[in-house]
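> Sharing a structure here in structure tokens format.
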Amino acid sequence: MRNTLSIRIILSHLVPVALNIFAILIILLMVAITFQVVASWLGLNPIATFKNTLPLFGTKITINSLIEFQWHLLVVIGLLPCALVWHLNRHVRVDFIHANLGPRYQAGVDLIGNLFLTLPFLALCLPASWRFMERSLLSGEVSTNGGLIDRYLVKGVLPVGFGIMAIVLIIELPYLVRRLLARKS
């Protein structure tokens with residue numbers, strides 16, 4: 001019981017930091033979009049070339065690599081905060097029904113949904129997303145049209161995001177059970 005409480009306290013301190021990181025990533029996405037639009041308008045392609053290979057970009061930054069970088073950022077911004085949203089209890093459900101239930105019934109609905117919908121979904125998605133990323137890594141997959149190299153990095157966001165979601169969900173289960181079994185005071 002104390003372990004779950006201390007984990008929840010740690011999460012409450014990490015969530016604002018993580019949200020700030022995602023806010024910075026959104027700003028980075030806007031900068032990348034602006035830079036790509038300006039480079040396209042000016043006809044700059046490639047935008048920059050390098051003697052050494054940079055992670056993700058390789059030896060040059062092109063308009064296509066900036067476009068793909070934007071897609072990669074969208075994946076990170078769209079998937080990784082899901083666990084935070086879940087932890088903050090801001091996830092999608094039928095709130096107009098859920099809000100009118102008592103705390104114990106809310107905990108019961110959340111527990112059933114977590115056990116019979118979310119956990120099986122994650123149990124299927126985690127291994128599949130890992131294999132998806134692993135195939136990309138082992139094959140050395142790169143963009144076919146002058147975009148980014150190291151495709152496995154963006155595909156690796158899938159198992160990381162699903163894994164973080166599973167961890168948060170497992171941390172929340174004892175809390176929901178305690179709420180469900182709590183007596184009215």
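What follows draws every value from the coordinates through simple rules; no lab data is involved. Note that the structure is predicted; figures quoted are calculated from it, not measured. Positions of Cβ are generated from backbone atoms using ideal geometry, with glycine treated the same way; all protein chains shown enter the neighbour counts.
> Could you tell me how far the Cα centroid of the range 46-75 sits from the Cα centroid of the range 137-185, in Å?
Measuring centre to centre over Cα atoms gives 25 Å.
> Something else now. Sort 60-68, 15-23 by the packing proxy (mean of other Cβ within 10 Å over each peptide's residues), most packed first.
Top to bottom by mean Cβ count within 10 Å: 60-68, 15-23.
> Quote the FRET efficiency, to the nearest 0.05, computed for Leu119 versus Lys60 with a Förster distance R0 of 41 Å and r equal to the Cβ-Cβ distance.
Numbers: r = 44 Å, r/R0 = 1.07.
Taking R0 as 41 Å, the efficiency between Leu119 and Lys60 is 0.40.
> Could you state the angle between the C-alpha long axis of helix 119-139 and the longest principal axis of the C-alpha atoms of the chain, as a value from 0 to 90 degrees rounded to the nearest 10?
20
> For helix 152-181, report the angle its Cα long axis makes with the longest principal axis of the Cα atoms of the chain; keep it between 0 and 90° and round to the nearest 10°.
Result, in degrees: 10.
> About its Cα centre, how strong a charge dipole does the range 2-181 have in debye, to the nearest 20, once Lys and Arg get +1 and Asp and Glu get -1 at the Cβ?
That gives the range 2-181 a dipole magnitude of about 360 debye.
> While we're here: Report D for the chain in µm² per second (integer): Stokes-Einstein, Kirkwood Rh on Cα pairs, 4 °C, 1.567 mPa s. Intermediate values should be presented prior to the final figure.
Numbers: Rh = 19.2 Å.
Rounded, D is 67 µm²/s.
> Among Leu126, Leu148, Leu101, which comes first, then next, by fewest other beta-carbon atoms within 10 Å?
By the 10 Å Cβ count, ascending, the order reads Leu101, Leu126, Leu148.
> Could you check the spin-label model distance between Arg183 and Thr49? Points 7 Å from the Cα along Cα→Cβ, value in nm.
Taking the simple label geometry, Arg183 and Thr49 are separated by 7.8 nm.
> Here is a follow-up. With axes computed from alpha carbons, what is the tilt in degrees of helix 2-42 against the longest principal axis of the chain, rounded to the nearest 10 within 0 to 90?
For helix 2-42, the angle is close to 30 degrees.
> Another question, then. So, by mean Cβ neighbours within 10 angstrom, what's the order for 115-122, 168-175 with the highest one leading?
The peptides rank, most packed first, as 168-175, 115-122.
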